[in-house]
Amino acid sequence: NAGVTQTPKFQVLKTGQSMTLQCAQDMNHNSMYWYRQDPGMGLRLIYYSASEGTTDKGEVPNGYNVSRLNKREFSLRLESAAPSQTSVYFCASRNSGSGADTQYFGPGTRLTVL
Amino acid sequence: AQSVTQLDSQVPVFEEAPVELRCNYSSSVSVYLFWYVQYPNQGLQLLLKYLSGSTLVESINGFEAEFNKSQTSFHLRKPSVHISDTAEYFCAVIDYAYSGAGSYQLTFGKGTKLSVIP
């Protein structure tokens, strides 16, 4: 049981390049989330998917798109990367029903945009 | 919308001394409260949570937090810290009346870095 996995662990991009961050969970959770973490800012929600087939914007969605590919996978895409998107990105998942309040986090992807 | 304030960005403390990490949230009658811990270069792990019932909640490694509704606070305490407690601690809240469609969005504070000095 790997929990929440994220790929890649590290990535360096040039301004204007695109890339997709991958996230998968093996806990059969319904809801998945993407956050970014910046020094002194805590974690801020980018997008979330309350269930398979649905996605919604969070606090800081500009410059990102998401795809809930299936129940396991939730990807985050940067179409044209900017230096302001240099950050650590975390994916999380949450079940519904008993214990539905707790989100489980992946190890993160450190992204640098030059 | 909810907001969470962690009053201290960094807290240095000597090993075996007590520590309190402070957290206040904006007023609401419908909140779940959490403390998450992040060890260096890792993701976040749930430390403890308050959903309902007893206002004092405990973790397996000696931390405790008390929900104080009148002061809208959820401070984290440990009577004696260890070197291994060095990490960043995040307070977070779900306002389950505000979160639509069962999204249960977490709002995080900015974090408190706890440094335990040998």
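Every number here is computed from the coordinates shown, using simple stated rules; none is lab data. These numbers were taken from a predicted model, which means no experiment stands behind them. Quick reminder, even Gly has a Cβ in these numbers, built from the backbone with ideal geometry, and neighbours come from all protein chains shown.
What residue, of B:94, B:60, is surrounded by 19 or more Cβ atoms within 10 Å (Cβ to Cβ) and either free of Cβ contacts under 8 Å to residues at least 60 places away in the same chain or within 14 Å of another protein chain (Cβ to nearest Cβ) (or both)? Explain how you work it out, then say what you get.
Working: B:60 fails: surrounded by 19 or more Cβ atoms within 10 Å (Cβ to Cβ).
Selected residue: B:94, the only one of B:94, B:60 that is surrounded by 19 or more Cβ atoms within 10 Å (Cβ to Cβ) and either free of Cβ contacts under 8 Å to residues at least 60 places away in the same chain or within 14 Å of another protein chain (Cβ to nearest Cβ) (or both).
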Apart from one, (1) exposed (fewer than 13 other Cβ atoms within 10 Å of the Cβ); (2) facing chain B (nearest Cβ under 9 Å); (3) not in a loop (DSSP other than H, G, I, E, B) all hold for residue A:90; the odd one out is (1)
Counting only strands (runs of 3 or more DSSP E) entirely within region B:1-46, those with at least 2 residues that are within 14 Å of another protein chain (Cβ to nearest Cβ) are B:31-38
(Q) Condition first: without any contact (Cβ under 8 Å) to a residue 60 or more places away in the chain and within 19 Å of residue A:7 (Cα to Cα). Can you find one or more residues in region A:50-61 that meet it? (A) no
Given the conditions (1) crowded, with 16+ Cβ neighbours inside 10 Å; (2) under 10 Å from the mean Cα position of the chain (by Cα), every one holds for residue A:85 apart from (2)
Here the qualifying pairs (Cβ atoms under 6 Å; residues six or more apart or on different chains; first in region A:17-37 and touching a residue at least 60 places away in the same chain (Cβ under 8 Å); second loosely packed, with under 15 Cβ neighbours inside 10 Å and aromatic (Phe, Trp, Tyr)) come out as none
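Restricting attention to region A:18-42, report how many residues are part of a strand (DSSP E or B) and either of a type outside the set (Asp, Glu) or more than 11 Å from chain B (Cβ to nearest Cβ) (or both). Quick ask: steps written out before the conclusion?
Going through region A:18-42, the residues part of a strand (DSSP E or B) turn out to be A:19-25, A:31-38, A:42.
Among the residues that remain, those that are also either of a type outside the set (Asp, Glu) or more than 11 Å from chain B (Cβ to nearest Cβ) (or both) are: A:19-25, A:31-37, A:42.
Adding up the residues that qualify gives 15.
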With criteria (1) touching a residue at least 12 places away in the same chain (Cβ under 8 Å); (2) surrounded by 15 or more Cβ atoms within 10 Å (Cβ to Cβ); (3) not basic (Lys, Arg), residue B:43 comes up short on (1)
Checked A:69, A:45 against criteria (at negative phi and more than 9 Å from chain B (Cβ to nearest Cβ)); the one match is A:69
